[in-house]
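Chemist: If you scroll down you'll find the structure; I have some questions about it.
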Amino acid sequence: MSVMAKNGQLTASPLTSSTAAITTTTQPSLLSGWLSHIPLPRWALIAMGVAVAVLLLLFLICIAKCCCCKKKHKKKERVNLQAVSSSTTASLVQPEMEDLEQVIEQMSRGKLQYSLEYNFHMQELKVGVKQAAELKAMDSGGTSDPYVIVYLTSDVKKRYETKVYRKTLNPIFNESFTFQVPQAEVPESTLVMQIYDFNRFAKHDIIGEVRLPLANVSLQHVIEQWSDLVAASKVEEEQLGEICFSLRYVPSTGKLTVLILEAKKLKRMDSHGLSDPFVKVHLILNRKKWKKKTTSVKKNTLNPYFNEVFVFEVPFSQIQNVDVVISVWDHDKVTKNEPIGKLFLGCRATGNQLRHWSDMLSNPRRPLTQWHSLQSPDVVDKVLGLKSHLRLPLTIR
């Protein structure tokens, strides 16, 4: 490079100025190349980017606030629960859960259709058990074996039972029962209709009941209506106990075998809170006492075990006219023996007793065992309507 001095000033040579005029170019960046392919102006792209950034920031702020609020609520709940005793907490929360369970349970029990008719002249209350619908399934197969028990609270000893209907949740009963109720006692009585699930080898489970105070019912005309079943009331009639026995009949030989197995939860008859039970087995032919056999006495127990068998000769031609009466008694050496409870089986029986008898006739030569609840002796005797002792005709030689 040559430099000339002229008039005391330095000037660049033409070579220097030409060299300075040379500039260098670089390759465009990847982002710039990608943006160049979008058919939008650059200011629009910038605006969109800013909007996305603002929305993302707001979203992150909302998440942070929610997390902080949850932590504060949990901390407050923890402090409140520690300050309140566990019993108080249960009393505040549990009733709501129980109410919900009771509503669900009552809704699923089903409903019962019945009719009421009061005869003021005869002072009789006629109760018709029509049908039930949508009953609660009590068996593992999703069905039930329902039957109905009907009684008045003014006389709990007298009660009626319908037939048992197998494997159905919508039984049609169409049975009627008559109660002698003086008009003055009607307002003080409550009609109870309980639906049970039949079980041959265990206690029968109650599905639900309808309790109808007669004071709230106008008996001036016939009533027919549906009512929802509710849970069974805690108030129940006096329990006399249960007895288990087996029946077997062989038509070809005319042998009726009654095996008295055991009893449980018998009524306390003695002053020391126990009883001395024994069992009588009566055969009634055409409403007259015919044959009788008795078990041994079991001392000081409410749950006796007998396992005693009795065989009666009953011709096949007479089996339809025979009633078998099973009665449990309390033995007393000083005073007269007292009856604890009774029941009878035969074609005139109802409920479980009729079912047991029918099953025996339908399965000849096969022993059938079943538990039965004892009933009031007075009620059974009244239903049987026994006449005087059967007197066999004298044979004249």
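Chemist: Grab the Cα-Cα distance for Asp359 and Ile63, subtract it from 0.36 nm times how many residues apart they are, and report the gain in nm with one decimal.
Modeler: Contour length minus the Cα-Cα distance gives 99.3 nm.
Chemist: For the pair Leu219 and Phe316, how long in nm is the line joining their label points, each one 7 Å along Cα→Cβ?
Modeler: That separation, rounded to one decimal, is 4.9 nm.
Chemist: Quick one: if you stick a label point 7 Å off each Cα along the C-beta vector at Lys111 and Asn300, how many nm between them?
Modeler: Computed distance between label sites Lys111 and Asn300 equals 5.6 nm.
Chemist: Dividing the Cα radius of gyration by the Kirkwood radius, what Rg/Rh value follows for the range 242-384?
Modeler: Reported Rg/Rh (Cα atoms, Kirkwood Rh): 0.97.
Chemist: Hey, another quick one. Whole number please: convex hull volume per residue of the Cα set in the range 175-329, in Å³?
Modeler: 195 Å³
Chemist: So, counting K/R as plus one and D/E as minus one, what does the shell of residues with Cβ under 10 Å around Ile340 add up to?
Modeler: +1
Chemist: Another question about this same structure. Could you run the Karplus curve 6.51 cos²θ - 1.76 cosθ + 1.60 with θ = phi - 60° over the range 302-308 and give me ³J(HN,Hα) per residue in whole Hz, x for Gly and Pro?
Modeler: Along the range 302-308, the couplings run 10, 10, x, 10, 9, 6, 10 Hz.
Chemist: Subtracting the Cα-Cα distance from 0.36 nm times the residue separation, let me have the gained length for His272 to Ala231 in nm, one decimal.
Modeler: 11.3 nm
Chemist: Mind giving me the FRET efficiency for Val250 and Asn337? R0 is 25 Å, r the Cβ-Cβ distance, nearest 0.05 is fine.
Modeler: Computed FRET efficiency for Val250 and Asn337 comes out at 0.15.
Chemist: What nm value, rounded to one decimal, do you get for the distance between Arg287 and Thr143 when each label is placed 7 Å out toward the C-beta?
Modeler: About 3.7 nm separates the two model spin labels.
Chemist: Cα-Cα over 20 Å: which of Lys163/Lys289; Lys264/Lys342; Lys126/Lys382; Lys203/Lys255; Lys111/Lys203?
Modeler: Lys163/Lys289; Lys203/Lys255; Lys111/Lys203
Chemist: Starting from the Cα of Glu262, step 7 Å toward the Cβ, then list every residue of the range 190-207 with an amide N under 19 Å from that point.
Modeler: Those under the cut-off are 199-204.
Chemist: When only Cα pairs under 8 Å and 6 or more residues apart are kept, what is the percent relative contact order across the range 106-229?
Modeler: 32 percent
Chemist: Let me ask something additional. Counting only residues 5 or more places away or on other chains, whose amide H sits under 5 Å from the amide H of Gly341 once H atoms are built in the peptide plane?
Modeler: Excluding prolines and chain starts, which carry no amide H, the hits are Val328.
Chemist: Could you tell me, in Å, what Rg and Dmax come out for the Cα atoms of the range 106-229?
Modeler: Rg, Dmax (Cα atoms, Å): 14.7, 49.
Chemist: Spelling out what I want: for every residue of the range 195-203, take phi, set θ = phi - 60°, compute 6.51 cos²θ - 1.76 cosθ + 1.60 (Karplus), and round to whole Hz; glycine and proline get x.
Modeler: In residue order, the calculated couplings are 9, 10, 9, 5, 9, 5, 10, 8, 5 Hz.
Chemist: A follow-up question, please. Sorted by accessible area (1.4 Å probe), largest first, how do Asp228, Asp381, Asp330 line up?
Modeler: Asp228, Asp381, Asp330
Chemist: On to the next question. In whole Hz and in residue order, list the ³J(HN,Hα) couplings for the range 47-57 that follow from phi through the Karplus curve 6.51 cos²θ - 1.76 cosθ + 1.60, θ = phi - 60°; x for Gly and Pro.
Modeler: 5, 5, x, 5, 4, 4, 5, 5, 4, 4, 5
The values are calculated or read from the model by the stated rules, or taken from the named source; none is laboratory data. Quick caveat, the model's predicted, so the values are computed rather than measured. All Cβ positions, glycine included, derive from the backbone under ideal geometry; neighbour counts span all protein chains shown. We work out accessible area using only protein heavy atoms, side chains counted, and drop any ligands, DNA or RNA first. Shrake-Rupley method; radii C 1.70, N 1.55, O 1.52, S 1.80 Å.
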